[in-house]
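Engineer: Here's a structure for you.
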Amino acid sequence: MTRTLLTGNGAAAWGARLARIDYLPAFPITPQTEIIETLDGWIEQQELVCRLVTLESEHSMLTAAGAAAVTGVRVFTATSSQGLLYATEMLYTVAGWRAPLVLVNVSRGLSSPITLEPDHNDVLAVRDCGFLQLHCATCQEVLDSVLIAFRLAEHPQVRLPVLVNLDGFALSFTREPVEIPDQSTADRFLPPFRAGSLRFRAGEPLSAGVAVLDGSTYSYFRYQAHLASLQGLAAYEKIAAEFAALCGRHYEPLECHRCEDAEIVFVMIGSFATKAREAVDRLREAGERVGLLRPRLLRPLPVAHLRRALAGKLGVAVIDQNLAPGRGGVLLTELAAALHGSPDAPPVLAGYVGGLGGREISSEEFFEMHREVRQAVTRGENPPPRLLFTGEELRAVRKLQQVARADRLGQGGEQR
Amino acid sequence: MYRIRFHGRGGQGLKRAGRILGTALFRAGLEVQDAPRYGAERRGAPIFAYVRASRSPIHERGVISCPDLLIIADPHLLAMPDSGVLAGATTRTVVLLHTGEPVSLWRERLDLPGPLLILPRLPGEEERFRGAVCAGGAAALLTELDEGLLARAISEELAHLSAELIMTSLGLARAAHAALAGERGIVRQEEPISAAGYKTPAWLTLACEEAAVSAPAIHAAATSELSQTGLWRGKRPVIDPGRCRGCWWLCATFCPERVIAVDANRRPRIDYGHCKGCLICLRQCPHHAISAVPEEEAAREEKA
């Protein structure tokens, strides 16, 4: 075991290396590229025996990944943002093949306007494609999650592709101390892929992309994938417990930080949740009973765990680092549906949208969200949804808009 | 927790400076988080890197808004308001400016609320070594670090380079460390913002505006002219009119920024307001009429 400084991208590459991946289809996109470059370096130095193939698009990359996985080899690949969306058709398709591969997505906001900075609209756009989703908050968690993801994908009762998500910049290019397990420990946790019925040999034809032209057969296969995803929760818990026994790091489906006696709880996914964790510690110092709930597993959604963790709480602030135009935050909707009908669900469920396109969320903003939710609890009504956005930010936007309209206004022109 | 921010330009090694300092602090037994920040830009564009270090695990994340130590590798950045070099500097922020000019001059120019230190330019220092120099200077200000940890971090972080480059970097970083030896301990670890008594964020509720305003379109032409990208230059191409044969097209055609115009007398003129200093023109000129002059030298000549 080595403890060293690694970026999130480096950690993802280490996870794939320790998993002894066989096949790595690749296509570059910021901020994911460093993962492939790192693995490529190891393959060139013969430190990793793996076939790297560069494809002409993410669509082809996912097709190659799924095709390889159903022949019974261990497949890893990675993308981001627009790349993930370009591959979306094949994400649904290879999940339908029940191809047990691992895909790392390095979250980056979607166009338009174009950005390189992180938010979760990319990974949530493929929320329902059939991949299981693990969301990471630290570089350590990225490495560990890649190993866990292979166990989960290859679990005979699951056999579905798994997506491991990390945030661009906030994790991808940020170095943190990471414990790299020994190869022998990784091997004990993740033995060679026992592919079972996944075989493709000369004289043993396989057709994975089959057509069914009637609704009943279609319903059967689609619903089986759903049931397998649901099985993923129990499988995940067992695998995570095994991982904890070997490596000492426990990854529950929900990370609960100081939730036990909390009255107000923040709910967030991804690395920005560590900012919330920091704010919780400061609020606790100030005597406030507050906690953080961070779902690691979003598909399958650990509904019973969420209900249990939030039972009897007074108020919840959901911070969505995504935006569903015409609706609001995706996580808020998911949580509201999960809590519906629960007799001791929190009476106040406040929705905040923040961190879009990497916009920072300050400690003061967490303190203020806590104050608003507490006030809402006293009043007994939900506060209206809010975008974390200040007057100063709007002034900066106004300046850009003036530049953008300059030629229609003339030199130093007035606003229309 | 220490919160440290390095500012420089692409190509000066500031990402590496952050990593060197991060590794040195990690080897000193601290928890560390370090990250560079740059967009889609290239050599010469403003970039920054930041380092957090603490005896306990770090949960803070993202850009450091209130630094304890601010290292500015290139004073030209101060002329670019968008680079945000001094953002968040307070009375307790130590600013370390890397310049050959005297501290009195910069005290007057910047009028900072907190302490200002100068990391002098070192003999034999080329632009590409500036990261190592700045890491050496920053390390000198922190009680947790000594020259040995600094040297070890440099050897680790530059391991992919040639032995000669590592030796030069080590020598320059050591010299920078020695130049600031008297300031050890000037940078203090600051406490996090308390939840008891904080400044309320000035949130506003966005109103719906018509699409003509709220769609992200640029209707103005040549907005890039508003950005003085000439400030990105480390070296400027200078045309020797005696050697220029007036071929009228080579340097101007190859210029990727289209900042070389040729007049009616077939004489090329460079728009230094927007020339980023890539020096492709220098390589293309078959008559060797273009030379590269360090920006500071050129500025001195302009004044004289």
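The values are calculated or read from the model by the stated rules, or taken from the named source; none is laboratory data. Since the structure is predicted, the reported quantities are computational estimates derived from the model, not experimental observations. Positions of Cβ are backbone-derived with ideal geometry, glycine not excepted, and every protein chain shown enters the neighbour counts. With ligands, DNA and RNA removed, areas are computed over all heavy atoms of the protein, side chains included. Shrake-Rupley method; radii C 1.70, N 1.55, O 1.52, S 1.80 Å.
Engineer: Which is in a helix (DSSP H, G or I), surrounded by 13 or more Cβ atoms within 10 Å (Cβ to Cβ) and over 21 Å from the mean Cα position of the chain (by Cα), of A:A186, A:A195?
Structural biologist: Unique residue meeting the criteria: A:A186.
Engineer: Continuing with the same structure: Of the residues A:A228, A:A208, which single one is part of a helix (DSSP H, G or I), in contact (Cβ under 8 Å) with a residue 24 or more places away in the chain and open to solvent by less than 90 Å² (accessible area, probe 1.4 Å)?
Structural biologist: Going through A:A228, A:A208 in turn, the sole match is A:A228.
Engineer: Sticking with this one: Do any residues in region B:69-91 that are of a type in the set (D, E, K, R) have Cβ atoms under 7 Å from those of residues that are assigned to a loop (DSSP other than H, G, I, E, B), where the two are at least six apart or on different chains, and which pairs are they?
Structural biologist: Taking only residues 6 or more apart or on different chains, the pairs are B:D74/B:Q12.
Engineer: Just give me the residues in region A:269-293 being away from every other protein chain (no Cβ under 12 Å) and in contact with a strand residue (DSSP E or B) (Cβ under 6 Å, 6 or more places away or on another chain), in sequence order.
Structural biologist: A:I269, A:G291, A:L293
Engineer: If a residue must be part of a loop (DSSP other than H, G, I, E, B), more than 21 Å from A:G130 (Cβ to Cβ) and open to solvent by less than 10 Å² (accessible area, probe 1.4 Å), how many such residues does region A:271-307 contain?
Structural biologist: Counting residues in region A:271-307 that are part of a loop (DSSP other than H, G, I, E, B), more than 21 Å from A:G130 (Cβ to Cβ) and open to solvent by less than 10 Å² (accessible area, probe 1.4 Å) gives 2.
Engineer: Separate question: Considering every residue within region B:219-233, establish whether at least one is polar (S, T, N, Q), touching a residue at least 24 places away in the same chain (Cβ under 8 Å), touching a Lys or Arg at 6+ places or on another chain (Cβ under 9 Å) and not in a loop (DSSP other than H, G, I, E, B).
Structural biologist: yes
Residue-wise test of (1) crowded, with 21+ Cβ neighbours inside 10 Å; (2) in contact with a strand residue (DSSP E or B) (Cβ under 9 Å, 6 or more places away or on another chain); (3) facing chain B (nearest Cβ under 8 Å).
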site: A:L331; (1), (2), (3): yes, yes, no
site: A:A338; (1), (2), (3): no, no, no
site: A:V348; (1), (2), (3): yes, yes, no
site: A:F367; (1), (2), (3): yes, no, yes
site: A:Q375; (1), (2), (3): no, no, no
site: A:T378; (1), (2), (3): no, no, no
site: A:P385; (1), (2), (3): no, yes, no
site: A:Q401; (1), (2), (3): no, no, yes
site: A:A404; (1), (2), (3): no, no, yes
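Engineer: What about A:E285, is it more than 25 Å from B:R37 (Cβ to Cβ) and at pLDDT 95 or above?
Structural biologist: Against the criterion (more than 25 Å from B:R37 (Cβ to Cβ) and at pLDDT 95 or above), A:E285 qualifies.
Engineer: Does B:S83 satisfy the criteria of being in contact with a strand residue (DSSP E or B) (Cβ under 9 Å, 6 or more places away or on another chain) and open to solvent by 40 Å² or more (accessible area, probe 1.4 Å)?
Structural biologist: Criteria not met by B:S83.
Engineer: For the structure I just gave you, tell me whether B:R266 is modelled with pLDDT of 90 or more and exposed (fewer than 14 other Cβ atoms within 10 Å of the Cβ).
Structural biologist: Yes, satisfied.
Engineer: While we're here: I'm trying to understand the selection: among the residues of region B:241-262, which are open to solvent by less than 70 Å² (accessible area, probe 1.4 Å) and touching a strand residue (DSSP E or B) at 6+ places or on another chain (Cβ under 8 Å)?
Structural biologist: Residues satisfying the conditions are B:C244, B:C251, B:A252, B:V259, B:I260, B:A261, B:V262.
Engineer: Another question, if that's okay. Against the conditions (1) at the interface with chain B (Cβ under 10 Å from one of its Cβ atoms); (2) surrounded by fewer than 24 Cβ atoms within 10 Å (Cβ to Cβ); (3) of a type in the set (A, V, I, L, M); (4) touching a residue at least 12 places away in the same chain (Cβ under 8 Å), where does A:L314 fall short? Just the number, please.
Structural biologist: Exception for A:L314: condition (1).
Engineer: Would you be able to tell me the number of residues in region A:12-33 that are open to solvent by less than 50 Å² (accessible area, probe 1.4 Å) and either farther than 15 Å from A:F150 by Cα or modelled with pLDDT under 95 (or both)?
Structural biologist: Of the residues in region A:12-33, 6 are open to solvent by less than 50 Å² (accessible area, probe 1.4 Å) and either farther than 15 Å from A:F150 by Cα or modelled with pLDDT under 95 (or both).
Engineer: Of the numbered conditions (1) in contact with a helix residue (DSSP H, G or I) (Cβ under 9 Å, 6 or more places away or on another chain); (2) more than 14 Å from chain B (Cβ to nearest Cβ), A:E56 fails exactly one; give the number of that condition.
Structural biologist: (1)
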